[in-house]
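> Sending over a structure as structure tokens; questions will come in a sec.
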Amino acid sequence: MPLLDVRDLSVSFDTDEGKVDVVDQVNLQLDRGETLGVVGESGCGKSVTALAIMGLLPKPSGQITNGQIIFDNQDLLATELDERRNVRGRKISMIFQEPMTALNPVQRIGKQLIESLRLHRPELGKDEGHRECVRLLSQVGISEPERRLQDYPHQLSGGMRQRVMIAMALIHVPDVLIADEPTTALDVTIQAQILELISDLQEQNGMAVIFITHDLAVIAELADRVNVMYAGRVVERASVAELFSSPLHPYTQGLLNSIPKLEGIHKTQLDTIPGLVPSYDEMPSGCRFRNRCTYAKALCGNKVPILEARDGAHPVACHYWQSLLEQRA
């Protein structure tokens, strides 16, 4: 039984043009202690899926229109609001992509940490809370934690702000940590430090992690299994080894082909996926990738491909994956 089981999740937003479906029948399963990678281009629905799991969709425009979010045998969508709030932060925590927008710019770091502590651990007194804030900042590798409690977010580097966000997520050691592109705005050296920190904390605390990214190199480094998303749907699900050795969906193949290779010819043009991700109010019928797919046929526009495992292969949503596999052999 998975620790977290997202079943047929659909999310829509109200816009000036009407209701727009942003996430369509998404299924995710996360086991205890594992790392699940969710990968795809910007705008494919990765972050919206995470916000839906957390119960943080913008209201009233964002709405879950279908599905179940089952955590530890409990359907979160069927629970009372207070009970769901008790799960959020205590048992499921999230690190956001841009800490400068997640942190209050006019409050000191210490005050923001204390507020989170009071919300989730009200039994702590003032002195105990202060010591716990110092411990949390020290745990995530921030030097001089006493001093940093007095700083405002703009006085910290991007990497240090992200470490503060991780410290907030660890106020209660959660069962599930959702990391939504936590290294996107950081330079390569700091990225490596943050990834190593998350990996170390996961090992120490036995957390399960959902790692959302568009960077396949990060997926290869951290994840056990991967879900590839495109235009609000999961198009392929596999272990990391399977995904990199035998990608089945044309979109996944395009993502992998776009990665620069050390053995490649220097100063040659990188492979790209033609076209753009369709806007949510102009989704093509059938397979949503067909307008960018060089293998698309008439069936791709008439029938939605089902994400399923066939003939011993891992699950993929493509009508012609077998013929594509034969062409690559």
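> Of the conditions (1) surrounded by 15 or more Cβ atoms within 10 Å (Cβ to Cβ); (2) assigned to a loop (DSSP other than H, G, I, E, B); (3) in contact (Cβ under 8 Å) with a residue 24 or more places away in the chain, Pro247 satisfies every one except a single condition; which number is it?
Pro247 satisfies every listed condition except (3).
> Determine, yes or no, whether Ile114 is within 29 Å of Asn205 (Cα to Cα), assigned to a strand (DSSP E or B), open to solvent by 10 Å² or more (accessible area, probe 1.4 Å) and β-branched (Val, Ile, Thr).
Answer is no for this residue.
> Quick one: is Ile265 closer than 22 Å to Thr49 by Cβ, of a type in the set (A, V, I, L, M, F, W, C) and more than 21 Å from the chain's Cα centre (by Cα)?
Spelling it out, it is not the case that Ile265 is closer than 22 Å to Thr49 by Cβ, of a type in the set (A, V, I, L, M, F, W, C) and more than 21 Å from the chain's Cα centre (by Cα).
> Does at least one position in the range 214-229 carry a residue that is open to solvent by 30 Å² or more (accessible area, probe 1.4 Å), among the small types (Gly, Ala, Ser) and either in a loop (DSSP other than H, G, I, E, B) or touching a strand residue (DSSP E or B) at 6+ places or on another chain (Cβ under 7 Å) (or both)?
No, every residue in the range 214-229 fails to be open to solvent by 30 Å² or more (accessible area, probe 1.4 Å), among the small types (Gly, Ala, Ser) and either in a loop (DSSP other than H, G, I, E, B) or touching a strand residue (DSSP E or B) at 6+ places or on another chain (Cβ under 7 Å) (or both).
> When you scan the range 59-98, how many residues do you find that are open to solvent by 40 Å² or more (accessible area, probe 1.4 Å), in contact with a helix residue (DSSP H, G or I) (Cβ under 8 Å, 6 or more places away or on another chain) and farther than 26 Å from Leu117 by Cβ?
Number of matching residues: 2.
> Restricting attention to the range 311-326, which residues are out of contact with any strand residue (DSSP E or B) (no Cβ under 8 Å at 6 or more places or on another chain), of a type outside the set (S, T, N, Q) and open to solvent by less than 70 Å² (accessible area, probe 1.4 Å)?
Scanning the range 311-326 gives Ala313, His319, Tyr320, Trp321, Leu324, Leu325.
> Moving on. Could you tell me whether Arg288 is within 15 Å of Gly40 (Cβ to Cβ), in contact with a Gly (Cβ under 7 Å, 6 or more places away or on another chain) and surrounded by 12 or more Cβ atoms within 10 Å (Cβ to Cβ)?
When the stated conditions are applied, Arg288 does not pass them.
> Is one or more of the residues making up the range 36-51 over 30 Å from Arg292 (Cβ atoms) and either modelled with pLDDT of 95 or more or crowded, with 16+ Cβ neighbours inside 10 Å (or both)?
Scanning the range 36-51, I find no residue that is over 30 Å from Arg292 (Cβ atoms) and either modelled with pLDDT of 95 or more or crowded, with 16+ Cβ neighbours inside 10 Å (or both), so the answer is no.
> Oh, and also: Closer than 18 Å to Leu30 by Cα, touching a residue at least 12 places away in the same chain (Cβ under 8 Å) and open to solvent by 40 Å² or more (accessible area, probe 1.4 Å): is that true of Glu242 in this structure?
yes
> Name the one entry in Asp151, Asp175 that is open to solvent by 10 Å² or more (accessible area, probe 1.4 Å), more than 22 Å from Lys111 (Cβ to Cβ) and at pLDDT 90 or above.
The unique qualifying residue is Asp175.
The values are calculated or read from the model by the stated rules, or taken from the named source; none is laboratory data. Computed from a predicted model, the values in this text were never measured in an experiment. Using ideal geometry, Cβ is built from the backbone for each residue, glycine included, and neighbour counts are taken over all protein chains shown. Keep in mind that these areas ignore ligands, DNA and RNA; they rest on the heavy atoms of the full protein, side chains included. Shrake-Rupley method; radii C 1.70, N 1.55, O 1.52, S 1.80 Å.
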